[in-house]
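Chemist: Got a structure for you, written out below as structure tokens; questions coming shortly.
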Amino acid sequence: MVKGIIMTILQKAKFSKEFIQYIEQHFPSDYQRMESSPFVENYLENPLLHLDAEERMIETIAQLIHLKNTYEEKHIPLSHLYKSIYDLSYRIERYFKQHGIYGLSERDIRWLTPMFRAEIFDIGPLRYQISYFSYEEIERSGHEYMLLPDKWKEAIPEGTPIITIHIMKNANITPEKVTASFKQAVQFFEEYFLEHDYDVFVCRTWLLYEPLQDLLSETSNITSFAKRFTIIAKNNNHKQALERIYGTSNLEKIKQMEKTSSLQKKVYKNLDKVGEAAGIIYKSEI
């Protein structure tokens with residue numbers, strides 16, 4: 001029964017045929033979840049971290065049943081579940097490419113935590129997370145540090161309910177797709193999470209760094225996306241941008257690789273134009 005439900009979820013969520021075959025062959029028919037709710041708020045307390053990578057993946061897959069039950073309890077259509085667990089498939093496949101076995105890293109568990117807490121949802125090309133404004137999360141430390149000015153700390157106090165936006169890899173961020181996604185997200189959270197009384201969407205990404213637009217056309221999708229936001233903090237750290245654009249931040253490797261897009265051809269010669277920024281959009285502006 002458990003295995004049958006899991007197989008249905010994986011199939012409807014369009015996990016790879018190879019992985020579905022692996023689960024068919026290796027997932028025990030009588031498997032019982034080891035933990036009732038391992039994905040606690042502080043991921044360092046997650047008991048799955050004590051397992052090896054393959055055991056961690058099997059137990060995480062078993063937790064999909066609990067997640068499905070949560071969606072049903074909240075009356076959220078399961079179509080949202082099947083879209084929003086893409087990140088699990090992505091991380092399992094990435095682990096396989098890196099290590100030759102299906103598994104999940106400790107870092108994967110950290111990033112999967114809000115998904116298994118039913119706090120993060122893929123709607124159109126964007127991923128939305130139920131969150132609370134955190135100065136620490138915006139500013140961070142080390143090479144990722146960016147100063148959040150006092151005026152924004154006053155405008156959005158620590159702990160204010162927000163919706164955090166994540167940009168999925170290879171997301172289609174045409175203006176039409178993004179506009180539709182925002183409108184659908186507003187409706188979604190009003191219908192299923194009315195208790196989360198937010199007024200603002202927050203995004204922290206290399207795509208919002210304003211000097212980058214000097215390398216792009218006025219009609220580029222990145223420019224159109226960035227101009228929707230009011231920038232509240234920024235830094236000139238180019239590591240994230242390089243990793244997203246080239247798959248690595250190693251400048252020697254980037255110099256040697258073939259550049260297939262205009263952005264790839266321009267960025268590594270103009271590192272002063274890339275960085276990271278945090279931006280906001282008020283719900284009333286959607």
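Chemist: Have a look at Asn172, Asn250, Asn235 and tell me which one the Gaussian network model of the chain (Cα, springs below 10 Å) gives the largest fluctuation.
Modeler: Result for the chain, Cα springs under 10 Å: Asn250 fluctuates most.
Chemist: While we're here: Name all residues of the stretch 96-111 having a backbone nitrogen under 20 Å from the label point set 7 Å from the Cα of Gln129 along its Cα→Cβ direction, giving them as ranges.
Modeler: The answer is 104-111, whose backbone nitrogens lie closer than 20 Å to the label point.
Chemist: Sticking with this structure for a sec: Just grab the label-to-label distance for Arg110 and Thr8, each label 7 Å out from Cα along the Cβ direction, in nm (one decimal).
Modeler: 3.6 nm
Chemist: Name the GluC sites (Glu not before Pro) in the stretch 69-166 that are in a loop by DSSP and that have at most 14 other C-beta atoms within 10 Å, would you?
Modeler: Glu158
Chemist: Leaving out same-chain residues fewer than 8 places away, which aspartates and glutamates sit with a Cα under 13 Å from that of Lys3?
Modeler: Lys3 reaches Glu24, Asp30, Glu59.
Chemist: Once the other residues with Cβ under 15 Å from the Cβ of Ile138 are scored (Lys, Arg +1; Asp, Glu -1), what is the net sum?
Modeler: -3
Chemist: If a paramagnetic tag sat 7 Å from the Cα of Met34 along the Cα-Cβ line, which residues of the stretch 93-117 would have the backbone N under 14 Å from that point?
Modeler: Under 14 Å, as judged by backbone N against the label point of Met34, lie 103-106, 109 of the stretch 93-117.
Chemist: Then there's this: For the residue pair Gln256 and Glu73, what label-to-label distance in nm results when each label sits 7 Å from Cα along the Cα-to-beta-carbon direction?
Modeler: 5.2 nm
Chemist: Work out how much length Lys17 to Lys283 would gain on full extension: take 0.36 nm times their residue separation and subtract the Cα-Cα distance, in nm to one decimal.
Modeler: Difference between extended and current length: 91.8 nm.
Chemist: Quick one: which residues, 5 or more positions from Ile123 or on another chain, have an amide H under 5 Å from its amide H? H modelled 1.01 Å from N in the peptide plane, none for Pro or chain starts.
Modeler: Correct list: Tyr128.
Chemist: Post the alpha-carbon centroid distance, the stretch 74-117 to the stretch 173-230, in whole angstrom.
Modeler: The two parts, judged by their Cα centres, are 23 Å apart.
Chemist: Also, quick follow-up: State the percent of C-alpha pairs, over all pairs in the chain, separated by a distance greater than 23 angstrom.
Modeler: 60 percent
Chemist: By DSSP, what percent of the beta bridges with both residues in the chain are antiparallel, rounded to the nearest 5?
Modeler: So the antiparallel bridges in the chain amount to around 90 percent.
Chemist: Taking R0 as 41 Å, what's the FRET efficiency between Asp52 and Gln184 from their Cβ-Cβ distance, rounded to 0.05?
Modeler: The formula returns an efficiency of 0.55 here.
Chemist: I need the shape label for the stretch 167-230. Rule: rounded when a/c is under 1.5, else prolate if a/b > b/c, else oblate, with a, b, c from the alpha carbon gyration tensor.
Modeler: It is prolate, given that a/c is not under 1.5 and a/b is the larger ratio.
Chemist: Another question about this same structure. Please identify every one of the trypsin sites (Lys or Arg not before Pro) in the stretch 178-286 that sits in a loop by DSSP and has no more than 11 other beta carbons within 10 Å of its own beta carbon. Provide the component values of the computation, followed by the final result.
Modeler: Details: sites: Lys183, Arg204, Lys227, Arg228, Lys234, Lys239, Arg244, Lys253, Lys255, Lys259, Lys265, Lys266, Lys269, Lys273, Lys283; in loops: Lys227, Arg228, Lys259, Lys269.
Taking the stretch 178-286 and a limit of 11 other Cβ atoms within 10 Å, the loop trypsin sites (Lys or Arg not before Pro) found are Lys269.
Chemist: Here is a follow-up. Where does each of 107-113, 207-213 land if you order them by average Cβ count within 10 Å, highest first?
Modeler: So the order, starting with the most tightly packed, is 207-213, 107-113.
Read the figures in this text as sums done on the coordinates, not as results from a lab. What you see is a predicted model, and the numbers here were worked out from it, not measured in a lab. Using ideal geometry, Cβ is built from the backbone for each residue, glycine included, and neighbour counts are taken over all protein chains shown.
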